[in-house]
1. Please list, in order along region 518-529, the HN-Hα scalar couplings obtained from phi with the Karplus expression 6.51 cos²θ - 1.76 cosθ + 1.60 (θ = phi - 60°), rounded to whole Hz, x for Gly and Pro.
2. Relative contact order, percent, of the chain when contacts are C-alpha pairs under 8 Å separated by at least 6 residues?
3. Under 5 Å between amide H atoms, partner at least 5 residues away or on a different chain: which partners does Met644 have, H built in plane at 1.01 Å?
4. Just want the answer: with Cβ charges of +1 for Lys and Arg and -1 for Asp and Glu, which residue in Ala391, Tyr331, Ile378 is farthest toward the dipole's positive end in region 321-441?
5. Rg(Cα) of region 267-414 divided by 2.2 N^0.38 Å?
6. Determine which lysines satisfy two conditions relative to Lys457: a Cα distance under 21 Å, and not lying fewer than 8 residues away in the same chain.
7. Could you tell me the number of lysine pairs in region 781-852 with C-alpha atoms less than 18 Å from each other, where the two lysines are 8 or more residues apart or belong to different chains?
8. What area, in nm² and to one decimal, does the C-alpha convex hull of the chain cast on average over all directions?
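Where a number appears in this text, it was derived from the coordinates with a stated rule and is not lab data. Keep in mind that what you see is a predicted model, and the values were worked out from it rather than measured. Quick reminder, even Gly has a Cβ in these numbers, built from the backbone with ideal geometry, and neighbours come from all protein chains shown.
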Amino acid sequence: MNFANHSRSRAPFALFGAGMAASLWISAPAQTATQYVPIRLAAAPNLEGAKFFDTQVQPVLTAQCSRCHGAEKAKGDLRLDSREAILKGGVSGPSVDLKKPADSLLIKAINHATEDLQMPPGNKMAKSQIDLLTKWVEMGLPWSAKTGATAPAAHHGPPPVNAETMKWWSFQPVKKTVVPVVKNKKWVANPIDNFVLAKLEANGLKPAPPASREALLRRAYYDLIGLPPTPGEVQNFVADKTPNAYEKVVDTLLASPQYGERWGRHWLDLVRYAESNSFERDGTKPFVWRYRDYVIKSLNADKPYDQFLKEQLAGDEMPGATPETLIATGYYRLGQWDDEPSDVEQARFDELDDIVGTTAQTTLGMTVNCARCHDHKIDPIPQKDYYRFLAFFRGTTRYGGGGRNVEQASLRPIASQEEQARFKNESEAYKKQVEDLNKQLEAIEKTVRDDFSNPEKEDFKNAQNRIPILKKRVPDKLSQADFDNYGTLTAQRNALNAKPPKGLEMALAITEDGREAPKTHVLFRGSPASPTDEVQPGFLSVLGAPETQIPAPSADAKTTGRRTVLANWIANANNPLTARVMANRIWQYHFGRGLVRSTSNFGFMGTPPTHPQLLDYLASEFVAKGWRLKAMHKTIMLSNAYKMSSQSNAAALAKDPDNDLLWRFDMRRLHSEEVRDSILKANGSLNLDGGGPSIFVEIPPEVLAGQSVPGSNWGKSSPAEAARRSVYIHVKRSLTVPILASFDSADTDQTCPVRFATTQPTQALSMMNSKFTGEQATLFANSLKEQAGPDLNKQVQLGLWRVMQRAPSEKEIARGVNLIRKLQEKDGLTEPAALRAYCLVLLNLNEFLYLD
């Protein structure tokens, strides 16, 4: 076993997400690279130990160890994907000593016993994971109970598409599951609770008690609109004892325009929304904010999810396409764009790969893009399937290029036919007027042009120099009447230039080169310079989809129609992935993680669902209720599972430390946008105006200096505009707003299925010392004085209410008052400065930054 050669780098999360396939790919020594024989896993000697392995150990091994010691990669010749391989060990000898477990190299490695014995390298596992693996070794290394599961080998090559691989759980049709019967029927508010409680009861656990009304209200507000409730809203809810008080709150929040802003942000993360192109110049994408507004408006209108997908994938091809459906196709223009690639063809396929990867991961939960250069190493996705999927997008134009600029290739008018006709007529009339004036002016200029000196000829190119140069020729070379006429004609032309016809509204959208798409070939090792077999558009073969039929485009069609075929297949109730993936995402955004934790990977290396029957129930309900997100929100939020507190108990924590059984509600830190918006809400400066061009907030010069051209393409908004919600801040790939970056805003270079919550010193430093929080604390203090009056107790009480959304205790109020007085008496701060310092402390409270 050799741990010394471990790389310190971390593998990408998208490829090595936590979890392991329920069935393993075990190698058979006699197999060739193309032969696959189903092999049954060895029978477990102990059912209880095997269950412990399946539910507790296996996910940890996959999350922490498989990237270096799995079937595809075995550093130090060590594999940890079978009991036999672990006992055999690697170049350093056996990994586990069953007679002396504590002396096992595996135990020493996970405890980072020495500098050269660290697994995983660099970042030590959580204590709970170390304890779990230690217990497993002490139990004698029990292995999987899934003796009936069969699977072909992965060691000698990628998994094939066959009857066995097609049995994977996420490839099966969504089933209308039977709601389980539970003992504690009083706890059940709706079927979700049956599924959750059934698992808890089977494991001898009980759900946590309900959250307090204040905590539940705060949770609901942040979940649905990303903002905290006001003190008055909290007090009204606590005082409302009617049975449907909470349901009324949920309905009100779902009807709020802020709902679309909050949930739109989730979708924008998935589709890698940004407003600049990246690369050296990182130029601005024109009118891309219309796509952001489309998403927000669609969610506020509770647009069916299947329609939402179809509009983005093929809105321009829909019968009777509207400005809204054209704007929706801005989806294709959100990625990075190299405006000066060294290899144009390679850049083109990089952009298509971005579309393939984003579309497949976001809608299907499949990493199809991993099959670009070879057959997928983990999932049964042949390289041919990748290029068949890519062929649906082959006819689309580049964002800019191919002899056309961005405006020509990607901007489309969204005005009505009447407005376009009006603009055409006005433009033609305007052009004729300007041409007539120019002819008259040129006729006068021609009479004296030969008299110009060489410097005057150069100066005459500038319009503002022309009248002074001509005046020198009056009356010898130019009559006073002609000179006066020249001045009149110039004034008329200037007036026309100042008022051209009102331009048409434009949107960033997809375009195609016509009814015929270029041919698509499988590219050897992903290189455009090495095309092999030609392929036609096609769906993933592992899903057993029928052969794709692309209808012949109509005679007046401007596109191939391929994207419509793809959209109809993805947004189909019979597709086993689409509804499951979205139902899981909705659950994730409410509970902090999905029933399938790897929310964009439902393949073999994805995490199996903790509650598969519940997932299918949610997916089938989602479709049955018209693909409506708001109905799903309400179903989830009215369950008692959602209303649980985060209160812990020792028995449940020992048995299920990761809360996979959902015995309590997980706490979470506010997302970056929620942090900033909550600060503005607390001090009363938040501007709730929605929509329109993006805003620019102040960024310190030190941060701007990090750009190749400091301050490039970063504007300045008025204070009122800059106080709008964070979803409206201009998203520039090379320049992130510091407070959003500190609190883990989305990576816009690729699809972002989950926000990480890191804990780092810069968060505390920026919250205490940044110019932004300092200014906001001053506004906070001024607001408290204005609303609470001169009474210090009332100021402190109101400040605590605004950051905690609950009634503060007398002790908390007294502590705040004492702090302000000490700042004045001992540190010599003025009364306003002391109150400002206290407001800064309030913005740094854990209770402000965390949801219970």
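1. Values per residue, Gly and Pro as x: x, 5, 10, 10, 5, 9, 4, 6, x, 8, x, 7 Hz.
2. Working: 1309 pairs, mean separation 139.5, N = 852.
The value is 16 percent.
3. HN-HN under 5 Å from Met644: Ala211.
4. Positive-most Cα among the choices belongs to Ala391.
5. Scaled against compact globular proteins, the figure is 1.07.
6. Lys439, Lys446, Lys471, Lys472, Lys477
7. 4
8. On the way: hull surface 190.5 nm².
About 47.6 nm², averaged over all directions.
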